[in-house]
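The values are calculated or read from the model by the stated rules, or taken from the named source; none is laboratory data. Just so we're clear, the structure is a prediction, and the values are computed from it rather than from any experiment. Virtual Cβ from ideal backbone geometry, glycine too; neighbours counted across all protein chains shown. These accessible areas exclude ligands, DNA and RNA; they are computed on the full protein's heavy atoms, side chains included. Shrake-Rupley method; radii C 1.70, N 1.55, O 1.52, S 1.80 Å.
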Amino acid sequence: MELLPRSPGEFGSARYWDRFFRQRGQRPFEWYGAFPELCPVLQKYVRPRDKVLVVGCGNSELSEQMYDVGMCEDIVNIDISDAVIRQMQERSGSKRPKMSYLLMDMLQMNFPDAHFQVVLDKGTLDAILTDEEEATLAKVDKMFAEISRVLQVGGRYFCVSLAQTHVLKKAVKYFSQEGWVVRVHQVAGSGDKQQFVLPVFVYVMTKFRKIPGSAPQILEICPEEQDKPMRVESVERLVAAVKDRQHYALLCSQLSKTPCGEQVSLDLCDKESGRPRYTLHVVDSPSVKPSRDNHFAIFIIPQGRETEWLFGTEEGRRQLATSAGFGRLVTVALHREQHYEGMAGIQAELSGKVMELAPPGLPARQQVPFLSVGGDIGVRTVRHRDTSPLSGEYVVEDVKGDGTCYFRRLVFLCNRNVVQSEARLLARTPLTGQKKRRKDKKKPNPAEPPAAIDKSYLCCEHHKAMVAGLCLLGGPDPVPALLAVLVVGLGGGSLPLFVHDYFSQARVAVVEIDPSMLEVATRWFGFSQGDRMRVHISDGLDYVAKLAAEGTILQSIPAQYDAIMFDVDSKDLTVGMSCPPPAFVEKPFLQKVKTILKPEGVFVLNLVCRDAQLKESVLATLREVFPLLYARCIEGEVNEILFCQPSPKGCQDPAELGARARALEGALRQPGHPWDSSYVLADMLQAVKIL
């Protein structure tokens, strides 16, 4: 501790450094960045014939090692400490005749203009720029001016630094405004990681003649894992890129020392585009007893399955890690914008990076397994991509599920981990009497997903529960005659299509605010309109308000509905409720919904709310408007389906509900209408509770 200064300002004092080097003796002092780590960067730029100036040399071995390996020999080292200059002159002596050590202040150097091709600074700028006081900044400006003066045009100033924000900003702004090209390298490895957790950077600033006017700044960053620099458009972006790498280094340091209590997530980006390529979640399982073979594993989530509960939620990933039997599991999600060369390619690409996330106690040279479902990376085919003024950018994609099943999905990229709509695709079957293919004909690709939509299958559990809620409708018949249904929110159209096809007398009105979604549903999800199915492009709030005010509906549909279903997502991601938008559950609007609902009818609401206080407020408002309220939680999901009835005389007996469900399902299982055997209406209502 006695070697440390009493205040940061002493780092610029010759007296402090004399005392420091006398007390330290002959032992070389490397702040950070030893020669083996810096060499790959320096050898890219430093030529053997270059004349090199090292400012603030201290007793570092960097100059000696550059000399000894033949990188360059014409090296002048300067420092303000007389003690260290005499020490280094004695140490180097006659062994390095072309290298010299001079006592000199770099703020006032005695060299002529344009005397050097290289100026090298290892930690000196960091030592001087300890604060942003006016006197400190003036000293740094003088340092930069002197370096610029003694450096030739085309020469380079190398600054080895920990890249604190104020240091990086000062250097980059100063030299870029002077017309210099600025490139920041991250150094591979950072010396003593116990002492310095943060990575080391080298600013490589190349001197050009300043062009009058506003010449474009050239700013680049070159991460440690690649040689090709990436251009950035501003000083702020460059600083942000460096900060990202510093935060990653801190994260890796933390994960290497202690188990993480909470799951940690991070994105690894594509080198060329800068877009996320992999999303990693680090999951520790304290309950798993460590052994040699179960410390650490990587789990590749098959493409298209990252939204499933097991992979897309904290609880699911925790269960996955425990069942896999590893103390630390890193799950890896693959992004739809990227191309992947199979499991072997992903393993080769990720092996080095994921080892930086290894847990403490991992045995040396331990083989880390890469796991997946079925040993492959899944199949994802983007069928359509577009942008809607209302919904933003979206994609329609086909993904492979378990076994041989394929599914088509609609995903809004503003919330890319949520599937807005999903439909199962029918397997291809050969036509009867079809002639045998000629051998020279192209065979169908087994990985090519089918195109036809299976309209009999409801993929979304919350849609299954919403349909099951129709059992609450009163009357002697399981399926009411001339059933009138209003669905607000079209999506891919699976819910209204199912109601239309299986309730043969139903007349379905659908309200959708976004005309792009009607086009998507029609083109990609097999949706169609007809005498019993009409879509109205309108805001659901306005449409319901208009019906409540007028008391009549166009197309001769009755003014009151047997069932009203809300499946509307919110575009405001700042609210703790993603479905529906808050305006749809305000009391005045709910009273309008009740107005257009038959007394024995049912209002079905898909509620997705992570804010417990907000959720309780919504339930309280619903209870004020509807005397009878049921709730059905969807296992493994945030969704909760609410069944609201305007009359307190509705069914409240679980046995009667089960009987109604069985009767309705029996009526819906019609010849020519295949029914998913796993879809049992009575099971959907078993977990319903009255609120």
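Here are the numbers for this structure:
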read-out	value
Residues being hydrophobic (A, V, I, L, M, F, W, C) and open to solvent by less than 10 Å² (accessible area, probe 1.4 Å) - total across the stretch 290-310	5
Only listed residue being touching a Cys at 6+ places or on another chain (Cβ under 9 Å) and not in a loop (DSSP other than H, G, I, E, B), chosen from Y278, Y248	Y278
Odd one out for Q26 among (1) in a helix (DSSP H, G or I); (2) modelled with pLDDT under 90	(1)
Matching residues, the stretch 261-270, being of a type outside the set (D, E, K, R), assigned to a loop (DSSP other than H, G, I, E, B) and free of Cβ contacts under 8 Å to residues at least 40 places away in the same chain	G261
Extreme residue, least open to solvent (accessible area, probe 1.4 Å), among residues of the stretch 134-155 that are over 11 Å from L107 (Cα atoms) and β-branched (V, I, T)	V150
The stretch 325-340 residues that are closer than 13 Å to V354 by Cβ, paired with ones that are among the charged types (D, E, K, R) and not in a strand (DSSP E or B) (beta carbon under 6 Å, 6 or more apart)	T331/R317
Matching residues, the stretch 38-66, being within 15 Å of Q89 (Cβ to Cβ) and among the hydrophobic types (A, V, I, L, M, F, W, C)	V54, C57
Residue among S287, S273 that alone is small (G, A, S), open to solvent by 20 Å² or more (accessible area, probe 1.4 Å), in a loop (DSSP other than H, G, I, E, B) and more than 26 Å from L250 (Cβ to Cβ)	S287
Condition met for V204 (of a type in the set (A, V, I, L, M, F, W, C), in a strand (DSSP E or B), buried (at least 20 other Cβ atoms within 10 Å of the Cβ) and modelled with pLDDT of 80 or more)	yes
Helices (runs of 4 or more DSSP H) enclosed by the stretch 612-691 - at least 3 residues per element that are among the β-branched types (V, I, T) and either open to solvent by less than 80 Å² (accessible area, probe 1.4 Å) or at pLDDT below 80 (or both)	612-625
Condition met for V368 (at pLDDT 90 or above and either out of contact with any Cys (no Cβ under 6 Å at 6 or more places or on another chain) or open to solvent by less than 50 Å² (accessible area, probe 1.4 Å) (or both))	no
Residues (closer than 19 Å to E262 by Cβ and part of a loop (DSSP other than H, G, I, E, B)) located in the stretch 290-323	T313
Looking only at the stretch 330-346, and only at residues there that are out of contact with any helix residue (DSSP H, G or I) (no Cβ under 9 Å at 6 or more places or on another chain) and among the aliphatic types (A, V, I, L, M), the one that is surrounded by the most Cβ atoms within 10 Å (Cβ to Cβ)	I346
Some residue of the stretch 502-515 being under 34 Å from the mean Cα position of the chain (by Cα), in a helix (DSSP H, G or I) and not charged (D, E, K, R)	yes
Among (1) surrounded by fewer than 22 Cβ atoms within 10 Å (Cβ to Cβ); (2) over 29 Å from the mean Cα position of the chain (by Cα); (3) in a strand (DSSP E or B), the one test that A563 misses	(1)
Criterion violated by L219 - all others in (1) more than 22 Å from Y32 (Cβ to Cβ); (2) open to solvent by less than 20 Å² (accessible area, probe 1.4 Å); (3) at pLDDT below 85 satisfied	(3)
Residues of the stretch 599-611 satisfying the condition of being among the charged types (D, E, K, R) and either closer than 26 Å to E315 by Cα or surrounded by 22 or more Cβ atoms within 10 Å (Cβ to Cβ) (or both)	R610, D611
Among (1) touching a helix residue (DSSP H, G or I) at 6+ places or on another chain (Cβ under 6 Å); (2) open to solvent by 30 Å² or more (accessible area, probe 1.4 Å); (3) more than 23 Å from L329 (Cβ to Cβ) - the single one S388 does not satisfy	(2)
Where D131 falls short, out of the listed (1) surrounded by 15 or more Cβ atoms within 10 Å (Cβ to Cβ); (2) under 40 Å from the mean Cα position of the chain (by Cα)	(1)
Candidate set from the stretch 471-501 (those that are out of contact with any helix residue (DSSP H, G or I) (no Cβ under 6 Å at 6 or more places or on another chain), assigned to a loop (DSSP other than H, G, I, E, B) and at pLDDT 85 or above); member that is farthest from G601 (Cα to Cα)	G491
Any hit, the stretch 189-200, residues being surrounded by fewer than 23 Cβ atoms within 10 Å (Cβ to Cβ) and modelled with pLDDT of 85 or more	no
Neighbours by Cβ (under 8 Å, 6+ apart or cross-chain): first from the stretch 290-310, free of Cβ contacts under 8 Å to residues at least 40 places away in the same chain; second among the hydrophobic types (A, V, I, L, M, F, W, C) and in a strand (DSSP E or B)	none
All positions within the stretch 144-167 that are part of a helix (DSSP H, G or I) and modelled with pLDDT under 95	T165, H166, V167
Criterion: under 26 Å from E64 (Cβ atoms) and of a type in the set (A, V, I, L, M) - qualifying residue of V153, V118	V118
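Residues checked against (1) surrounded by 14 or more Cβ atoms within 10 Å (Cβ to Cβ); (2) under 29 Å from L425 (Cβ atoms):
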position	(1), (2)
E315	no, no
A324	yes, no
R328	yes, no
A348	no, no
E356	no, no
A364	no, no
T381	yes, yes
Y394	yes, yes
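Listed here are the residues, each with its yes/no results for (1) more than 15 Å from the chain's Cα centre (by Cα); (2) among the β-branched types (V, I, T).
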residue: C252; (1), (2): yes, no
residue: L266; (1), (2): no, no
residue: A297; (1), (2): yes, no
residue: L310; (1), (2): yes, no
residue: T313; (1), (2): no, yes
residue: A324; (1), (2): yes, no
residue: Y340; (1), (2): yes, no
